[in-house]
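Some notes on the structure that comes next.
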Amino acid sequence: MKIRKTYLYIFLVTLFLSACQQTEFQTDGDFFHLSHKEAKMPVWVKGNFSSDVIIITVHGGPGDSGMEQHIATGFKLLENDYLMVYWDQRLSGMTQGKSNTKYQTPDQYIEDTEKIVQLIQKKYPNKKMFMLGHSWGGQLAAGYLGRDGHANNFKGWIDLDGSLYGDLESQMMKDWILERVPAEMAKPGSDLAYWQFIIDYYESNPAPGNYSAYEPYMYVAALKGDAYDWDAVQAENPTPYMDLIFKSMFSLSFYSDAFYDIETMKLWDDLNYTPELKNITIPSLMLWGADDGVVPAVLADYVYENLGTDPSEKEVVKIAECAHGPQHEQPEIFFQEVSGFVETYKNN
């Protein structure tokens, strides 16, 4: 019993000391909320406040956290030169409010994005705005920018391994996986039963939902299509779990996902923002990990072909030895490509 009390005492002292140490989560930048339709969405603006450029990020998921993007080395590099906006979508990260399915629709998320942009314009007037959407955030950005002339507010769009069209991506992911399975089966000591299971899965499920079916994401992870070399990333820039739990605004919300609901996910399965692409005519950079299996890099070419932007102002860049997170996996290249794009078009 005494031993247990001793461990409890040490834990409480550690927790107290951690809480007393201020970090950038508590001191850097501006932190505020947007309240809209039963959701209170946190917004964190940080970086170079003297810059005339502001980059509004749109996080993935759906159901992830925009705040966690700051952890990536690539975003930290951008903060040195530009003002960055991180925010949590409804039912994501630290967003508070009711879980009302009435407002859990793709169109509502586009409306929320519009409100965030309007708030940023009001609080930081005369800034040259860019939008950067990652994964699901790329799809949300496309839907937002392609409607009601929203793109006219921005100097450019960075589509970072972004989704767009659920049914198409589901087939692209299937092709990506099945192309790689034979090589895995041929390796000495290969778990043949596992790889055959994947083949059998697709024979039984030829068109799984892009958001509602979780199995393909497990298969992609097994083939390192979500992270090319995550161990190397963690060795270079380890995720600060202790800081996230004890010293940041995240708390345990960092590990939870209030968004997920199978019926809601089916709404996302049906999304296709290809029609919106033709309405986007601003400079655009499709920046992808060449080894991405979550949103395969062939989708970058599809976005390029359907985008309304003049060919002279749109570009596809695929980063070698990189999967779904260039901002983590190849941060210097990510920074160079994004900053080069921003510097090229900020005065257009």
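The values are calculated or read from the model by the stated rules, or taken from the named source; none is laboratory data. On a predicted model such as this, the values are computed, not experimentally measured, just so you know. Quick reminder, even Gly has a Cβ in these numbers, built from the backbone with ideal geometry, and neighbours come from all protein chains shown. All accessible areas refer to the heavy atoms of the entire protein, side chains included, with ligands and DNA or RNA removed. Shrake-Rupley method; radii C 1.70, N 1.55, O 1.52, S 1.80 Å.
Among (1) surrounded by fewer than 21 Cβ atoms within 10 Å (Cβ to Cβ); (2) over 21 Å from D175 (Cβ atoms), where does E305 come up short?
Condition (2) is where E305 drops out.
Step by step: first the residues of segment 193-229, then only those that are assigned to a helix (DSSP H, G or I) and in contact (Cβ under 8 Å) with a residue 40 or more places away in the chain, then the one that is nearest to Q330 (Cα to Cα). Which residue is that?
Filtering segment 193-229 for residues assigned to a helix (DSSP H, G or I) gives 193-204, 215-222.
If we keep only those that are in contact (Cβ under 8 Å) with a residue 40 or more places away in the chain too, we end up with 216-217, 219-220.
Working: P216: 24, Y217: 21, Y219: 23, V220: 19 Å.
Taking the candidates together, the pick is V220.
Looking only at residues in segment 208-226 that are among the aromatic types (F, W, Y) and at pLDDT 95 or above, which one is surrounded by the most Cβ atoms within 10 Å (Cβ to Cβ)? Step through it out loud before you land on a result.
Going residue by residue through segment 208-226, those that are among the aromatic types (F, W, Y) are 211, 214, 217, 219.
If we keep only those that are at pLDDT 95 or above too, we end up with 217, 219.
On the way: Y217: 16, Y219: 23.
Checking each candidate, the answer is Y219.
Given segment 21-134, what strands (runs of 3 or more DSSP E) lie entirely inside it while holding 2 or more residues that are under 15 Å from Q327 (Cβ atoms) and β-branched (V, I, T)? Before you say what the answer is, go through the steps one by one.
Numbers: elements: 30-36, 39-47, 53-58, 83-87, 128-134.
Where strands (runs of 3 or more DSSP E) fall fully within segment 21-134 and carry at least 2 residues being under 15 Å from Q327 (Cβ atoms) and β-branched (V, I, T), they are 53-58.
Can you say whether P182 is part of a helix (DSSP H, G or I) and either over 12 Å from V294 (Cα atoms) or among the hydrophobic types (A, V, I, L, M, F, W, C) (or both), as far as the supplied structure shows?
Numbers: part of a helix (DSSP H, G or I): yes; either over 12 Å from V294 (Cα atoms) or among the hydrophobic types (A, V, I, L, M, F, W, C) (or both): yes.
Against the criterion (part of a helix (DSSP H, G or I) and either over 12 Å from V294 (Cα atoms) or among the hydrophobic types (A, V, I, L, M, F, W, C) (or both)), P182 qualifies.
May I ask you to list the residues in segment 308-331 that are touching a Gly at 6+ places or on another chain (Cβ under 8 Å), open to solvent by 20 Å² or more (accessible area, probe 1.4 Å) and more than 22 Å from Y219 (Cβ to Cβ)? Please lay out each step first, then the result.
Residues of segment 308-331 touching a Gly at 6+ places or on another chain (Cβ under 8 Å): 318-319, 322-331.
Imposing the further condition that a residue be open to solvent by 20 Å² or more (accessible area, probe 1.4 Å) reduces the set to 318, 324, 328-330.
Q330, the sole residue that qualifies.
Could you pull out the residue among G66, G143 that is in contact with a His (Cβ under 9 Å, 6 or more places away or on another chain) and open to solvent by less than 20 Å² (accessible area, probe 1.4 Å)?
On the way: G143 fails: in contact with a His (Cβ under 9 Å, 6 or more places away or on another chain).
From the options G66, G143, the qualifying one is G66.
For H36, all conditions in the list (1) more than 16 Å from the chain's Cα centre (by Cα); (2) within 30 Å of Y302 (Cβ to Cβ) hold save one; what is the number of the exception?
Status for H36: all satisfied but (2).
Kindly evaluate S190 against the criterion of being assigned to a loop (DSSP other than H, G, I, E, B) and surrounded by 24 or more Cβ atoms within 10 Å (Cβ to Cβ). Can you show your working first?
Values: assigned to a loop (DSSP other than H, G, I, E, B): yes; surrounded by 24 or more Cβ atoms within 10 Å (Cβ to Cβ): no.
No; evaluated as a whole, the condition is false for this residue.
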